[in-house]
Amino acid sequence: MSESTSEQNRRFLAEYDPDLLAELGTPKDTSWQVVPCAGGDATLRAGNRYLHHPGQPRAEAVQMVQHGAGALHLHFGLGLGWFLDADQPREDGALLVYEPDPAVFALASAHLDLAALLPARNAQVFLTAERYAKTLARYLKAGVEAAVFVSPYHQQHYPAAFQDFAAAYNRAHELRRHESGLDKEALPGIWASTVRSLPESTRAPGAEHLAGVLKDKPAVILSAGPSLERNVIELLPYRERVVVFAIARSVPVLARYGIAPDFLVHVEAQDFVHLVRYAENLGQTTFLLAEQAQRAFFQVPHGETFVFQSRYNPVTCWLNQRVPQWRKQIAATSGSVSATAFHMAAICGCSPITLLGHDLALKGREVYAGAEVNRAFRAAPKRLRRVPGYFGGQVTSLDHFVLTLYWYDEVVPGLLEQFPRLELFNATGAGAAVPRFAPRGLAEIAARYFSRPVDVAAAVAQALTAFQPIQAEDQLNQHLKGLKTQLGALTKEARAFLSLQRDLEKRLKRAKSAKDIAALQRKLPQIDRHNQRFQVLHQQHPGLEFFFNKQWQMFKQTITAVQQRNSGRKIAPAQWVTQFSENLGALGAFWRAVQDRVGYLEKTLF
């Protein structure tokens, strides 16, 4: 007995997209039915409702997608696949389809050849908003142009799912804007600060040594929102019965009330040391510092120091690949130091974890507590956002605070799987509603959980018993010197190619005869050698890709485009000259990008 179309599609999806097959499961009964149209096509109908045009679904789809520019195409609604069939993104693009009704997808898979439709368009279908949103965030990066197509019938019949579809785009777009700004504004400082702090960070113990040392001990995270001062006053009666994690911005307020935090968590590479340099409440505080933290933070008088790392810091990734024994605890981060402090508390085994001063919203024009020390921060109107409030309704927040709210919503479920005993509360009593944290009053939390004093010093001492300090300065200098040599080799190669490009462009302008073209063709191996040397440098020096990720992707795309133009078919001499000129221009753009990146790195790191 031959396989049905549904069975063939299931077999195909088992290899192509097993996650989609898992989402499909066993479809429920549905009122939607496949019905023929007068023109010979088919549509979906339930009573007097339709999911495509009732008479011309194919023409409707063609009309909607015919002007779809952009490398990334996003569809709300699959239905019987008319929009998918009519769409054809660029060869280097992708197509993401959110179909909110698994039963509709089951009908489609009984009528469509998914093996013919999906791979040819680099297409993926999603039946849950969560998986769609996560995948979209990976694709929608800086410089990627997206085209959005919404089935009007799907929007009408699945309004809640359409809101999820729109929210996923808005979330990914906010993240893209943040990453783009970070790359231009913050990364140079982060990279330079990481290198300057390496002598301190490499010899300090990693935060992984703290794993579980405060198991089931209650903790509070003291952020620097406008509610902090009120929250600190509420905390005073319970101070000795809870583990206190603070951030640099909150230290001056804590000092006024005589609170010495157990842990100070700091991530930023910017100059924030003025917030802690003369603080009198940090003498016994354990500092939890990112590898990129300003070196002065390592040198401020305090208790012990533990270091954590980021998987997004190219300097750290490069060094860890070369010296794996220098790896340290990876911190989950949203870009908010308080979110990192929350993750550190979870790693220590603390539970419950309660947020204080975690407004993530404005109070009038006030963004942070302690205006006298945080006065430099002013919110530009274009960065303002409206978000759900702690007590309902909407409050005014900022774009990067919104990303932190998204981060909690996405990351906390995984942390709850990792730490199943973890309980989470938000006792800020103002500001934004923080996803996954139950709103509670601090007195209520304290009555149930803050039962006895916590000996944090003993826990930290226990964490240090297995730590063996290393002296890594000589080895560190050797690796930095090696990186500088590699960058010099890339500069030399880029200059050589660009010089060759200028020479060949002059020859191209004079190329008239077959002899001229033959002379140009003899230069092709020379071009190939430059490209091969980039590949060899990339392969022979592990970790270099972390600094040249965009350039490496650009290289692969350029080589693919060149190979497609040089497909082996015979072409006229004039066409060969045009093709050669295009190839030369694309490779020149790549090598200029490498040269610019090297200059940027040399200026930033050395």
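A run of the chain free of exposed loop cleavage sites, with trypsin sites (Lys or Arg not before Pro) counted only in DSSP states other than H, G, I, E and B and at most 12 other beta carbons within 10 Å, reaches its longest extent at 29-310. Site pair Ala59 and Ala14 shows an inter-label distance of 4.2 nm when each label is modelled 7 Å from Cα along Cα→Cβ.
Given Ala161, Ser223, His111, which one lies farthest toward the positive end of the charge dipole of the chain, if we put +1 on the Cβ of every Lys and Arg and -1 on the Cβ of every Asp and Glu? The residue sitting farthest along the positive end of the dipole is Ser223. Accessible area per residue was computed with a 1.4 Å probe on protein heavy atoms; Asp113 scores about 90 Å². Subtracting the Cα-Cα distance of Ala38 and Ala519 from their residue separation scaled by 0.36 nm leaves 166.9 nm.
If R0 is 60 Å, the Cβ-Cβ spacing of Ala120 and Glu473 corresponds to a FRET efficiency of close to 0.60.
Between Arg196 and Val144, the distance separating the two model label sites (each 7 Å from Cα on the Cα→Cβ line) works out to 3.4 nm.
Counting only protein heavy atoms and using a 1.4 Å probe, what share of the accessible area of the chain belongs to carbon plus sulfur, as a whole percent?
Reported share for carbon and sulfur atoms: 50 percent.
Extension gain, Glu444 to Leu464: 0.36 nm times the residue separation minus the Cα-Cα distance gives 3.7 nm. The Cβ shell under 10 Å around Gln124 holds other residues with a net charge of 0, Lys and Arg each +1, Asp and Glu each -1. Could you state the number of Å between the C-alpha centres of the stretch 220-270 and the stretch 478-518? That distance is 57 Å.
What number comes out for the charge environment of Ala207, summing +1 per Lys or Arg and -1 per Asp or Glu over other residues with Cβ under 13 Å away?
-1
Projected over all directions and averaged, the alpha-carbon convex hull of the stretch 1-113 occupies 8.3 nm².
Ligands, DNA and RNA excluded, the heavy atoms of Met554 present near 60 Å² of accessible surface to a 1.4 Å solvent probe. Relative contact order for the stretch 1-136: 25 percent, from Cα pairs under 8 Å spaced at least 6 residues apart, divided by residue count. If only the Cβ of Lys and Arg carry +1 and only the Cβ of Asp and Glu carry -1, the dipole of the stretch 506-552 around its Cα centre is close to 560 debye.
For the chain, which span is the longest to avoid every loop-located (per DSSP) member of GluC sites (Glu not before Pro) having at most 15 other Cβ atoms inside 10 Å?
Formally, the longest exposed-site-free interval is 281-606.
I'd like the distance separating the alpha-carbon centroids of the stretch 95-152 and the stretch 425-458, in whole Å. When both Cα centres are located, 41 Å separates them. Taking only the Cα atoms of the stretch 63-131, the radius of gyration and Dmax are 11.5, 31 Å. Between the listed residues Ser197, Leu136, Gln579, the Cα displaced farthest toward the positive end of the dipole of the chain, a dipole computed from Cβ unit charges relative to the Cα centre, is found at Gln579. Phi angles of the stretch 430-439 translate, via the Karplus equation with coefficients 6.51, -1.76, 1.60 and θ = phi - 60°, into HN-Hα couplings of 5, x, 7, 6, 9, x, 6, 10, 6, x Hz per residue; Gly and Pro are given as x.
Sticking with the crude label model, points 7 Å out along Cα→Cβ, report the distance from Ser4 to Arg365 in nm, one decimal please. It is 6.7 nm.
Taking R0 as 41 Å, what FRET efficiency do you get between Thr578 and His173 from their Cβ-Cβ distance, rounded to the nearest 0.05? Once the sixth-power term is evaluated, E becomes 0.60. Ordered from largest to smallest accessible area (heavy atoms of protein chains, 1.4 Å probe), the residues Thr465, Thr135 come out as Thr465, Thr135. For Val195, the solvent-accessible surface with a 1.4 Å probe is about 20 Å², rounded to the nearest 10. Pull out a ≥ b ≥ c, the square roots of the eigenvalues of the alpha-carbon gyration tensor of the stretch 371-493, then state rounded if a/c is under 1.5, prolate if not and a/b is larger than b/c, and oblate in the remaining case. It is oblate, given that a/c is not under 1.5 and a/b is not larger than b/c. Shape call for the stretch 447-606 from the C-alpha gyration tensor, a ≥ b ≥ c root eigenvalues: rounded (a/c under 1.5), prolate (a/b greater than b/c) or oblate? It comes out prolate by the Cα gyration axes. The Rg/Rh ratio of the stretch 437-538, with both radii computed over alpha carbons and Rh defined as the Kirkwood radius, is 1.52.
Summing Cβ point charges (Lys, Arg +1; Asp, Glu -1) relative to the Cα centre of the stretch 218-345 gives a dipole of roughly 280 debye.
Could you give me D for the stretch 189-339, from Stokes-Einstein at 37 °C and 0.692 mPa s, where the hydrodynamic radius is the Kirkwood radius over C-alpha pairs? Units µm² s⁻¹, please.
Details: Rh = 15.9 Å.
Here the translational diffusion coefficient equals 207 µm²/s.
When the Cα convex hull of the stretch 266-338 is projected onto planes of every orientation, the mean area is 5.2 nm². Note on the chain: with charges restricted to the Cβ of Lys and Arg (+1) and Asp and Glu (-1), its dipole about the Cα centre is near 2260 debye.
The slack in the chain from Asp409 to Asp455, taken as 0.36 nm per residue of separation less the alpha-carbon distance, amounts to 13.4 nm. DSSP beta bridges confined to the stretch 1-115 are antiparallel in about 55 percent of cases. Only DSSP H runs of four or more residues enter the estimate; each adds -39500 (n - 2.57), and after division by the residues of the chain the mean residue ellipticity at 222 nm equals -15000 deg cm²/dmol. Near Asn426, the amide H atoms lying under 5 Å from its own belong to Leu355, Ala438, Arg440; only residues 5 or more places off or on other chains count, and H is placed 1.01 Å from N.
For the stretch 461-521, report the translational diffusion coefficient in µm²/s to the nearest whole number, using Stokes-Einstein at 4 °C, 1.567 mPa s, and a Kirkwood Rh over Cα pairs. D = 79 µm²/s. What does the charge count near Ala461 come to, summing +1 for each Lys or Arg and -1 for each Asp or Glu among other residues with Cβ under 10 Å from its Cβ? Overall, the nearby charge balance is -2. Checking (i) 35.0, 119; (ii) 31.3, 103; (iii) 29.0, 92 against the coordinates, the calculated Rg and Dmax of the Cα atoms in Å falls under label (iii).
The values are calculated or read from the model by the stated rules, or taken from the named source; none is laboratory data. The model shown is predicted, which means the values in this text are computed figures rather than measured ones. So basically every Cβ, Gly included, is an ideal-geometry build from the backbone, and we count neighbours across all protein chains shown. Note: areas computed on protein heavy atoms with side chains; ligands, DNA, RNA excluded. Shrake-Rupley method; radii C 1.70, N 1.55, O 1.52, S 1.80 Å.
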